[in-house]
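Worksheet for the structure shown next.
The values are calculated or read from the model by the stated rules, or taken from the named source; none is laboratory data. In this text, all values refer to a predicted model and were calculated from it rather than measured experimentally. Ideal geometry is used to build each Cβ from the backbone, glycine not excepted, and the neighbour counts take in all protein chains shown. We work out accessible area using only protein heavy atoms, side chains counted, and drop any ligands, DNA or RNA first. Shrake-Rupley method; radii C 1.70, N 1.55, O 1.52, S 1.80 Å.
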Amino acid sequence: MSDVIDEPTVLTPLRGKRLGPLFWVCVGWLALNVLAAILANFLPLIDPLFQNYNVINAGPSLHHLLGTDDLGRDILSRIVFGSRVSLAVGSGAMLIGFGVGMPLGMLAAYRRGRFDSILTAVMYVLLAFPAIIAVIAVISFWTPRTLLKIIIVIGLASVPLVYRVIRGATLAVATKDYVIAAQVQGCTDRRILFRELLPNIAPIAVSFLLIGVATVVTLEGALAFLGLSVNPPTPSWGNMINESRTVMAQNPWLVIFPSLALCLFLLCLNFIGDRLRSYFDVTEVKL
Amino acid sequence: MLKYMVRRLVMLVGIVFVISVGSFYLIHLLPGDPATVILGTGASPANRAILYKQLGLNKPIIEQYFIWIGNVLHGNLGTSFISQTSVASTIRTAFPIDLELIILSQVLAFAAAIPLAMRSARKPNGFLDRVLSAGSFTLLSIPPFIIIVLLVLFISIKLGVNNTGPSSFVPFTSDWVINLESLSLPAFTLAIASFVVYFRILRSDMIATLQEEFITMARSKGLSRRRIMWRHAFRPSSVALLGTAGVNIGGLLAGSFVVQYLLGIPGLGYTLIAGIASSDYLLVQGIVLVVSVGVVLINFFFDFIISLVDPRISRE
Amino acid sequence: MSDHRTPLLKVRDLTVTFGKGTRSVSAVAGVSFDVYEGETLGLVGESGCGKSTTGKALMKIVAPTSGSIELNGVDITHQRGRALRHARTHMQMIFQDPISSLNPRRRVRSIVAEPLDAWKTASGAERDRIVNDLLNKVGIDPEVYGNRYARQFSGGQCQRISIARSLAMRPQMLICDEVVSALDVSVQAQILNLLEDLKAEYGLTLLFIAHDLAVVKNISDRVAVMYLGKICEIGPSDTLYETPGHPYTQFLLGAALEADPDSVDAGTVLEGEPPSPHDPPSGCRFRTRCPFATERCAAEEPQLREVAVGHQVACHYPFAAA
Amino acid sequence: MTDRLLVVENLRTTFRTVSGVIPAVGGVSFDLGANETLGIVGESGSGKTVLARTIMGLQPRTNIEVSGSVLLNGQQVVGASERVMREMWATQVAMVFQDPMTSLNPVMRIGRQIDETLRVRLGMDRRAARARAIELLNMVGIPSAEARYRAFPTELSGGMRQRVVIATALACSPKLLIADEPTTGLDVTIQSQILNLLDSLKQQLDMSVILITHDLGVVATRTSRIIVMYAGQIVEMGATRDIFHHHRMRYTRALLDSSPKVANPSHTRLAVIPGRPPNLSTLPPGCHFAPRCAFATEQCHRERPTLQAADSPGHVFACWNPLAASTNEGDSTR
């Protein structure tokens, strides 16, 4: 060509933004939680159901690092085993929520038209229904209660929310010129969904997923607190806090340790989600 | 504007209808015979017969709905088979407690969130902003049921403050001082949860608004900073805040069951949990219906306020 | 002038209506024109006149409400699915906003290769050769910049990459929708020259949509002027600019600012603003702002009539050619 | 120099960012008389908008360094506190922003946005402010101003909004109006209307105007003097006629030649400036334009040229190999 060409310079420094060390600390803590939950049976832990009447309501000691409860059960072991419930409900419910809500949201925003308006109207009505109450009502009347049922109910209840977020995120991308450009080049819808839309929605989806897991874990905690989650004696963070309320005047550790475990877990999830959002510059969509 | 409100109103009626159908059919979604669900397995045939008659369970399902909705529209939500009391009157005594909790907590939350968010947004990443942001972030990760447990542990048990512990609730009409004392911890807990959300949303929207050209324009008119913050920046930044507040307050309607349950405050949430525990199906159905309609009305109200705050919304 | 040639693109009575009932807007209200093989047709008008919508309707990015579009003698108006996708490879479009035209999360090479991959027309070494060739043609060194992300480039460079991508399937026609209006003057000239060079090299036919009269004249063989969804004048660019037949064209030319302190201001500035397309004026759409309007203009809609060879004007009282 | 309304001396505005120090305005000096219209022309990134905001004292105060001097009606702007500036804004100097879509508050009725200034700054009561606001709306050519007083910005077209912005800026009769790309994004016919309006208001209200634009056409017939900026510095300044017909700086020539002209026949090959405006954080040591200049010598790459006087008074340029001083009228327009 006759024109001398301008030298491309890096306009936006790619690695200018950093996730920071705290981010990796959080990732590490979460990974530790997950690993401990998976490998709990192989760890040198005391049986969480074993009741040692010699040490009741004991404070932290070498033998029981976080002490024991009013039945002499080891708190550390119960916290580790209890995390399984939180993790299972959090990841399972979000798997259902995203598995159903995400494809629907993406399709609706990309296709628009009648499909979108009907689906969005349905979701709008579902959102108006107070999800927590519906979840409580269904869980309590759908007996007998099992972990799987809890996961399914919470998962389905989260679908409208996931749908709304993903649809909004997709809508912001689907109107961009490069999506139209891909149509103009004769790309199939499938190709556009996977190659143009998905990579741009993924960051939003991931950070919302993390926040969603945090919300579901909180909800499970609240359900357990009300005695509506897994049945005792199976430990979960929520029912541990609930059970120890009666004795918390004598042994505050019983409340504080599981609370701390839950809060740290949530803090890490929220922090990672928040960092990812600012890292990927997700500003256009309100979560 | 009028057109917009009419459109929203039509939508509102539609949603309320769908909710009523949903609440009604809730029972048919559950496995087993409705009479068994409502009365439990050990019910006498006489009771079953009464129930069948009361709900018209042997009639076609559409007709059942119309019988039911007719009763509901007359304020009759049925009579609980467990407590033998009218569901509607139970809800009427419980609801004011929720209302009081909501008002107390929201006044606290807004009173703290709005000035702090505006302060924070003025110097993003300044000292105050960092402290507040980190603080709100931490609070975000503490579920309300932990906050209330810790508050009870430290304030009513360790410090022994009167009338703040479990089962110290007294109705407002009998002794309003004790009533307020007994609601102080739950109201504070709910206020914290709301504050965190409001603060974070308003802060980020304020920061975005303050970078808008019309703020520079307002400065170039020589207006005071105070005037720019309140007259020019606050209103366009409050749309998301109001929307979230609508959802949040709707969620608090019976959503505060955790604090109510812990402290034995007989609001809607407590009644709901108690109803669930005693398998009082009609009571649960009544609360689900009332709360859902309440949520929709609250959202409608906030949508209306938003359209007043931002004229662009009703015009699109 | 060009009537003996065969039209590559034939547009007849194209309308695009958004919305329904009383709130509907006819963005394009019956537009007919031909684009001949190898020529550049400029489409000029102010914002909201429907020029961009026309371009998008030709690509069927927005659905035409009525009328017909013929490409190469094939009616594509009602084509769907694979047939439509195939037709689109003959006719490509470049957009106004160069930054948003490129997926920020993909690399330059994969962006340019996208049409080849989508159609599986080339793979392996052949694909790389085509991509390198295209990038070289638009002046982006593939060795140095091929693996960069699109977001690392400036507006002018993004526009070059867009052009390279649009040429990958060897289209016959390019629709350029305000492709230089977001660029700096110096970069704008680079892109305009590049388009001229590529047009000659690839034997392209261009539909060049823009609001800038000077830019349009510079690149076009013929120019069509649009006002409120209709073409009011069309003709060879030199003729149209020298002896405009429609009062609107004349006002438009008068308002175009020349970079010359001695240029006499046209003096008469067009007053008012275009009426709402919700409720266009009866008869001639320009009559509400036209100082020469008569009762006939309100009663009767003027049709495009030939005032000179290849020069058509839709006005009851066109200016006589000098 | 007392008759000068605005005296800018060696003004520098530097941004400190994560990716380095950006000298957005790198030592600019000029002055402006009463009732004069000065054009500032430059491509994006040339520093013209930053210059305007620095003169206004409107820059944000963090991560920015301003040095030099800006005397506005005898008062120093550089280093002045926001409180001092607040006294000058609107009454001494006002600004018309580029994008009328974003420079009006979307949730405030336009009448309120105008009379707010009148009430706060001039202490008018509600009724008087309202009357004056409607008067101003009439003055900037808004039809049925009474009714439009209660309109929201979204209910107006782009051209109308820009008129409202102008009315707001003129509410307190400033002595200097800075218009930053006031017609970019507006249609050509509306653009003429707005430029004519600014011109007539300038006469009517006896103020000075700085007209900032990237489009030479905008400043050609409506200014008495022009500054050409490149990479944060003035590269040529002079009477409008001199800039168009007797320019000496090669960048000015290139800028004129690279824009297409209506008068030229179709398919006129455009003269191209290779490359694009430089990255301000990595400026070369020599002339900033040298990397893109076809006539650059070794000296140009090594040493930065300073402004030197041309033949006509007030005409200066910064170039080591300037164009010949003879008239180059023919080249610029053909």
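Among (1) out of contact with any strand residue (DSSP E or B) (no Cβ under 6 Å at 6 or more places or on another chain); (2) within 11 Å of another protein chain (Cβ to nearest Cβ), which single condition is D:Ala147 missing?
That leaves (2) as the condition not met.
Counting only residues that are open to solvent by less than 20 Å² (accessible area, probe 1.4 Å) and either more than 7 Å from every other protein chain (Cβ to nearest Cβ) or among the basic types (Lys, Arg) (or both), how many does the stretch D:263-286 have?
1
From the list B:Leu185, B:Leu190, B:Leu159, exactly one residue is open to solvent by 70 Å² or more (accessible area, probe 1.4 Å) and away from chain D (no Cβ under 14 Å). Which is it?
Testing whether each residue is open to solvent by 70 Å² or more (accessible area, probe 1.4 Å) and away from chain D (no Cβ under 14 Å) leaves just B:Leu159.
Scan the stretch A:210-263 for residues that are of a type in the set (Gly, Ala, Ser), surrounded by fewer than 24 Cβ atoms within 10 Å (Cβ to Cβ) and over 20 Å from the mean Cα position of the chain (by Cα) and report the count.
Selection size over the stretch A:210-263: 2.
Here are some residues: A:Val80, A:Val89, A:Val85. Which one is assigned to a helix (DSSP H, G or I), among the β-branched types (Val, Ile, Thr), under 23 Å from A:Val230 (Cβ atoms) and free of Cβ contacts under 8 Å to residues at least 60 places away in the same chain?
Working: A:Val89 fails: free of Cβ contacts under 8 Å to residues at least 60 places away in the same chain; A:Val85 fails: free of Cβ contacts under 8 Å to residues at least 60 places away in the same chain.
Of A:Val80, A:Val89, A:Val85, the one residue that is assigned to a helix (DSSP H, G or I), among the β-branched types (Val, Ile, Thr), under 23 Å from A:Val230 (Cβ atoms) and free of Cβ contacts under 8 Å to residues at least 60 places away in the same chain is A:Val80.
Go through the stretch B:168-182 and give me each residue that's surrounded by fewer than 19 Cβ atoms within 10 Å (Cβ to Cβ) and in contact with a helix residue (DSSP H, G or I) (Cβ under 7 Å, 6 or more places away or on another chain).
Residues satisfying the conditions are B:Ser168, B:Val170, B:Pro171, B:Phe172.
Starting from residues that are without any contact (Cβ under 8 Å) to a residue 60 or more places away in the chain and assigned to a loop (DSSP other than H, G, I, E, B), keep the ones in the stretch A:227-248 and report whichever is farthest from B:Leu151 (Cα to Cα).
Per the criteria, the residue is A:Pro232.
Of the conditions (1) open to solvent by less than 20 Å² (accessible area, probe 1.4 Å); (2) within 21 Å of D:Met88 (Cα to Cα); (3) not in a helix (DSSP H, G or I), D:Glu9 satisfies every one except a single condition; which number is it?
Answer for D:Glu9: the failing condition is (1).
Whether any residue in the stretch C:194-203 is of a type in the set (Gly, Ala, Ser) and crowded, with 21+ Cβ neighbours inside 10 Å is what I want to check.
Applying the first criterion (of a type in the set (Gly, Ala, Ser)) to the stretch C:194-203 yields C:200, C:203.
Within this subset, residues satisfying the condition of being crowded, with 21+ Cβ neighbours inside 10 Å are none.
No, the conditions are met nowhere in the stretch C:194-203.
Got a sec? Which helices (runs of 4 or more DSSP H) wholly within the stretch B:1-101 have at least 3 residues that are farther than 12 Å from B:Gly286 by Cα and under 29 Å from the mean Cα position of the chain (by Cα)? Steps first, please.
Working: elements: B:2-29, B:34-39, B:45-55, B:61-73.
Output list reads B:2-29, B:61-73.
Need the failing condition index for C:Leu270 against (1) open to solvent by 40 Å² or more (accessible area, probe 1.4 Å); (2) aliphatic (A, V, I, L, M); (3) in contact with a Phe, Trp or Tyr (Cβ under 8 Å, 6 or more places away or on another chain), just the number.
Of (1) open to solvent by 40 Å² or more (accessible area, probe 1.4 Å); (2) aliphatic (A, V, I, L, M); (3) in contact with a Phe, Trp or Tyr (Cβ under 8 Å, 6 or more places away or on another chain), only one is false for C:Leu270: (1).
Given the residues D:Asp311, D:Asp257, which is the only one that is more than 12 Å from every other protein chain (Cβ to nearest Cβ), of a type in the set (D, E, K, R) and surrounded by fewer than 23 Cβ atoms within 10 Å (Cβ to Cβ)?
D:Asp311
For the stretch B:260-316, which residues satisfy the criterion of being at the interface with chain A (Cβ under 10 Å from one of its Cβ atoms), open to solvent by 20 Å² or more (accessible area, probe 1.4 Å), in a helix (DSSP H, G or I) and within 24 Å of A:Gly227 (Cβ to Cβ)?
B:Tyr261, B:Ala277 - these are the residues of the stretch B:260-316 that are at the interface with chain A (Cβ under 10 Å from one of its Cβ atoms), open to solvent by 20 Å² or more (accessible area, probe 1.4 Å), in a helix (DSSP H, G or I) and within 24 Å of A:Gly227 (Cβ to Cβ).
Is there any pair with a first residue in the stretch A:261-279 that is more than 11 Å from chain B (Cβ to nearest Cβ) and a second that is crowded, with 20+ Cβ neighbours inside 10 Å whose Cβ atoms are under 7 Å apart and which are 6 or more apart or on different chains, and what are they?
Note: pairs meeting the criteria are A:Ile272/A:Cys26; A:Ile272/A:Leu210; A:Leu276/A:Ser207.
Anything in the stretch D:68-97 that is more than 8 Å from every other protein chain (Cβ to nearest Cβ) and open to solvent by 50 Å² or more (accessible area, probe 1.4 Å)? List them, or say none.
Hits for the stretch D:68-97 are D:Leu71, D:Asn73, D:Gly74, D:Gln75, D:Gln76, D:Gly79, D:Ser81, D:Arg83, D:Val84.
With modelled with pLDDT under 90, under 25 Å from the mean Cα position of the chain (by Cα) and more than 13 Å from every other protein chain (Cβ to nearest Cβ) as the only criterion, which of A:Ser207, A:Ser140, A:Ser158 stands out? Show your work before the answer.
Details: A:Ser140 fails: more than 13 Å from every other protein chain (Cβ to nearest Cβ); A:Ser158 fails: modelled with pLDDT under 90.
The conditions single out A:Ser207.
What number of residues within the stretch D:271-292 satisfy the criterion of being hydrophobic (A, V, I, L, M, F, W, C) and either more than 29 Å from C:Gln152 (Cα to Cα) or modelled with pLDDT under 90 (or both)?
Keep residues of the stretch D:271-292 that are hydrophobic (A, V, I, L, M, F, W, C), which gives D:271-273, D:280, D:283, D:287, D:289-290.
With the extra rule that they be either more than 29 Å from C:Gln152 (Cα to Cα) or modelled with pLDDT under 90 (or both), the set shrinks to D:271-273, D:280, D:283.
Adding up the residues that qualify gives 5.
With the checklist (1) open to solvent by less than 60 Å² (accessible area, probe 1.4 Å); (2) in contact with a Leu (Cβ under 9 Å, 6 or more places away or on another chain); (3) at pLDDT 75 or above in hand, flag the one item B:Ala35 doesn't pass.
(3)
Quick one: in the stretch C:230-251, which of the residues that are touching a Ser or Thr at 6+ places or on another chain (Cβ under 9 Å) and either over 15 Å from C:Val313 (Cα atoms) or among the charged types (D, E, K, R) (or both) is most open to solvent (accessible area, probe 1.4 Å)?
C:Asp238
Got a sec? Which of B:Thr216, B:Thr209 is touching a helix residue (DSSP H, G or I) at 6+ places or on another chain (Cβ under 6 Å) and within 13 Å of chain D (Cβ to nearest Cβ)?
After applying the criteria, what remains is B:Thr209.
Among A:Asp189, A:Asp177, which is buried (at least 21 other Cβ atoms within 10 Å of the Cβ) and either under 30 Å from C:Leu167 (Cβ atoms) or touching a strand residue (DSSP E or B) at 6+ places or on another chain (Cβ under 8 Å) (or both)?
So the residue among A:Asp189, A:Asp177 that is buried (at least 21 other Cβ atoms within 10 Å of the Cβ) and either under 30 Å from C:Leu167 (Cβ atoms) or touching a strand residue (DSSP E or B) at 6+ places or on another chain (Cβ under 8 Å) (or both) is A:Asp177.
Determine the pairs where a residue that is farther than 18 Å from D:Ser200 by Cβ and at the interface with chain C (Cβ under 10 Å from one of its Cβ atoms), located within the stretch D:215-243, has a partner that is hydroxyl-bearing (Ser, Thr, Tyr) and assigned to a helix (DSSP H, G or I) with Cβ atoms under 6 Å apart, the partner being 6 or more residues away or on another chain.
Listed by first residue and then by second, the contacts come to D:Ile226/D:Thr240.
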